[in-house]
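J.: Please find one structure pasted underneath; my questions will follow.
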Amino acid sequence: MSEQITRWAALAAVAGPVLMTVAWLGLGFVSPGYNLWGTLVAPYSPISQPISGLGLGQTGPYMNSAFVISGLLIVVGAYGAFERLPNLRFRHVLAPLLALPGLGSIIDGLFTFQSFLMHFAGFALALTTVATFPVTGFFLRRVPGWRGFGTALIAAGPATLVLAALYFATFTPTVQGIQTGVAGVTERVLVVEIESWYVALGWLAFRRPARASTYAFS
């Protein structure tokens, strides 16, 4: 794959999260509510209600399209970023691991909040970053020019775990539960935190020249 192609492919890791953020921000203002398991949930509140609620009702086609397209972009971006490091050992393992949240987003777009188990499975793939961020960071620390970002990724794992725990502590998976509390806020903080690392990875890979040397991990 040519350097120019991989360079622009890495930028997809920036475009995916940006698209997702713009989608839930914009649609959150216009959603009149939705029906969930036979109950009308209205009005829509980004403070208490999940992003996935926007995948139902009038905003459903737009939000679900954003889930799928954003997920595809994250998958492409993860592979593109690691292709910028052609001799990085284990890149063929690290890229698929970091692509898992993108796959999860695609699943969430295909299976709405009504299909709770499948939808939650997609969300769970995003939480694999609790482990994959530190693992990726460990290897990136050995790559010239990527040490600082690798160190930050190692710290991102525990940070993501704390935010995930906070989200689950505030989330009640019932129609009544999603209409009160602050789970909408804690979920959005978690999502933005995870996706910000993809933006940083994609941007750094886009800006920096591809490396040709082999990196040792001894």
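J.: Consider residue 72 carefully, then state whether it is closer than 14 Å to residue 12 by Cα, out of contact with any helix residue (DSSP H, G or I) (no Cβ under 6 Å at 6 or more places or on another chain) and part of a helix (DSSP H, G or I).
T.: It is true that residue 72 is closer than 14 Å to residue 12 by Cα, out of contact with any helix residue (DSSP H, G or I) (no Cβ under 6 Å at 6 or more places or on another chain) and part of a helix (DSSP H, G or I).
Each row is one residue, and each column tells you yes or no for (1) in a strand (DSSP E or B); (2) farther than 18 Å from residue 188 by Cα; (3) among the charged types (D, E, K, R); (4) at pLDDT 95 or above.
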site	(1), (2), (3), (4)
7	no, yes, yes, no
13	no, yes, no, yes
21	no, no, no, yes
24	no, no, no, yes
28	no, no, no, yes
47	no, no, no, yes
61	no, yes, no, yes
77	no, yes, no, yes
82	no, yes, no, no
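J.: Which one of the conditions (1) over 21 Å from the mean Cα position of the chain (by Cα); (2) more than 23 Å from residue 52 (Cβ to Cβ) does residue 180 fail to meet, given that it meets all the rest?
T.: Only one criterion in (1) over 21 Å from the mean Cα position of the chain (by Cα); (2) more than 23 Å from residue 52 (Cβ to Cβ) is unmet by residue 180, namely (2).
J.: What number of residues within the range 170-196 are of a type in the set (S, T, N, Q) and closer than 16 Å to residue 25 by Cα?
T.: The qualifying residues number 2.
J.: Separate question: Does residue 112 qualify as being modelled with pLDDT of 95 or more, out of contact with any Cys (no Cβ under 9 Å at 6 or more places or on another chain) and surrounded by fewer than 19 Cβ atoms within 10 Å (Cβ to Cβ)?
T.: So residue 112 does not fit the description; no.
J.: In the range 136-168, which residues are in contact with a Leu (Cβ under 7 Å, 6 or more places away or on another chain) and not hydroxyl-bearing (Ser, Thr, Tyr)?
T.: 137, 139, 140, 143, 146, 149, 150, 153, 163, 164
J.: With the structure loaded, tell me whether residue 193 is over 22 Å from residue 6 (Cβ atoms), surrounded by 20 or more Cβ atoms within 10 Å (Cβ to Cβ) and modelled with pLDDT of 95 or more or whether it fails that test.
T.: no
J.: Oh, and also: Does the range 18-44 hold any residues that are without any contact (Cβ under 8 Å) to a residue 24 or more places away in the chain, of a type in the set (A, V, I, L, M, F, W, C) and farther than 15 Å from residue 192 by Cβ, and which are they?
T.: 29, 40, 42
J.: Tell me the residue from 99, 165, 156 that is under 17 Å from the mean Cα position of the chain (by Cα) and farther than 30 Å from residue 56 by Cβ, please.
T.: 156
J.: Would you mind finding the one in 68, 93 that is surrounded by fewer than 21 Cβ atoms within 10 Å (Cβ to Cβ) and under 30 Å from residue 142 (Cβ atoms)?
T.: Criteria check complete, one pass: 93.
J.: Would you tally the residues in the range 20-61 being surrounded by 21 or more Cβ atoms within 10 Å (Cβ to Cβ) and within 30 Å of residue 206 (Cα to Cα)?
T.: Going through the range 20-61 one residue at a time, the tally reaches 5.
The values are calculated or read from the model by the stated rules, or taken from the named source; none is laboratory data. Being a predicted model, the structure only gives us computed values, none of them experimental. Backbone-built Cβ (ideal geometry, glycine too); neighbour counts: all protein chains shown.
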